[in-house]
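Step one of this worksheet: look at the structure below.
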Amino acid sequence: MKFEEAYSSFDKKLHTIQFITELYKMKPKEYTECYKGTFVCPECKKAALSFNNSITPHFKSFPHSFHEKNCTLKQTEMSAKKTAAYVKDQQNNVAIQRQMDNILKSLLSSQSTNLKENSIKESSMNNTEITILRTQYTNHQRIPRKRIDLPICREDCGCYKYFYGPVNLSWEQQKNGNYRIILKQINTYQFLCRINITSKVYEHIQNEYKIPNSYNCNIVFLSQMQKVENKNYCETVLEWGQNIIVDKTSLLG
């Protein structure tokens, strides 16, 4: 199983494959002395991962490496067809919300060990509820996920995925009454993608996400990404207002 990010026991931080690849190439001594052999699953922090500097660099779990029992990343990903059916079945709405909360929680906990409990939505659940949810979820294949701040590949398009990561978010209102969310890299402000939102869907998005007009945040959303014809960027349509969550508490700016 391949991963785009891994937790390092060296500095106790979550690192993207892009960061480790650049470190491996530009600072091989630092990589070897500090990071090599320290990578584990970004969620359960138990299963050992290896860094593979292949044509498409990635982290990969060792053959006999085991995740924690309730780790959502131990399962294989759903096929595009199965994911679409799962997403469109309204009976799965609550599970999808909880899965998005769990991704946000993992993202936040990797950025700081001092975050307040109320900045993580899953904290509203008690331990029994979390255990039941994760047990249900990990008994099946999981919905694919993609770091939005990493390059979007062909296989990331045309299928439902959870897109997530730290971003700079900006709102734009269109002349026809619809809206767009523009996502950029936080440090470089490099364009990542845009999310198109109808005025009807906009009404169902939490008001706290709409102000201010631009801010840094952690984001998780469920959608199908598409390459824009004759352009070198991607866009998507947010089909349901509840399928986006934003946390501004740890990335104010």
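Specify the angular offset, from 0 to 90 degrees and rounded to the nearest 10, of the alpha carbon long axis of helix 127-138 from the longest principal axis of the alpha carbons in the chain.
90
Mind listing the long-range amide H neighbours of Ile148? Cut-off is under 5 Å, sequence gap 5 or more, other chains count too, H placed in the peptide plane at 1.01 Å from N.
Counting only residues 5 or more places away or on other chains, the set is Tyr164, Gly165.
With every protein chain present, what accessible area does Ser61 have (1.4 Å probe, heavy atoms only), rounded to the nearest 10 Å²?
30
Please compute the modelled spin-label separation between Gln75 and Thr56, points set 7 Å along Cα→Cβ, answer in nm with one decimal.
Result: 2.3 nm between the two label points.
Of [x] 20.9, 69; [y] 19.7, 61; [z] 18.1, 56, which one was derived for Rg and Dmax of the Cα atoms in Å from the structure shown?
Comparing each candidate, only [z] matches the computed number.
Run the quick spin-label model on Phe191 and Asp11: label points 7 Å from Cα toward the beta carbon, then report their separation in nm to one decimal.
Going by the 7 Å Cα→Cβ label model, 3.1 nm.
Multiplying the sequence separation of Ala48 and Lys231 by 0.36 nm and subtracting their Cα-Cα distance, what value in nm do you get?
Between Ala48 and Lys231, full extension yields 62.0 nm more.
Expressed as a rounded percentage, what relative contact order does the chain have, with Cα pairs under 8 Å and six or more residues apart?
Rounded, it is 14 percent for the chain.
At what distance in nm do the modelled label points of Ser170 and Lys82 sit from each other, each positioned 7 Å from its Cα along Cα→Cβ?
Rounded to a tenth, the inter-label distance reads 4.0 nm.
Would region 36-88 count as rounded, prolate or oblate if I go by the C-alpha gyration tensor, calling it rounded below 1.5 in a/c and otherwise prolate when a/b exceeds b/c, oblate otherwise?
oblate
If you wrap a convex hull around the alpha carbons of region 149-253, what volume per residue comes out, as a whole number of Å³?
Taking the convex hull of the Cα positions in region 149-253, it is 103 Å³ per residue.
Roughly how many Å² of Phe66 are accessible to a 1.4 Å probe, to the nearest 10?
Number for this one is 150 Å².
Normalising by the residue count of region 187-253, find the relative contact order in percent from Cα pairs under 8 Å and 6+ residues apart.
Over region 187-253, the number comes to 44 percent.
Pull up all non-local amide H partners of Ser223: gap of 5 or more, or a different chain, and H-to-H distance under 5 Å with H placed in the peptide plane.
For Ser223, whose amide H was placed from the backbone, the distant partners under 5 Å are Lys161, Phe163.
The values are calculated or read from the model by the stated rules, or taken from the named source; none is laboratory data. Here the structure is a predicted model, which means the values were calculated and not measured. All Cβ positions, glycine included, derive from the backbone under ideal geometry; neighbour counts span all protein chains shown. Ligands, DNA and RNA are stripped out before the accessible areas are found, and what is left, the full protein with its side chains, is counted by its heavy atoms. Shrake-Rupley method; radii C 1.70, N 1.55, O 1.52, S 1.80 Å.
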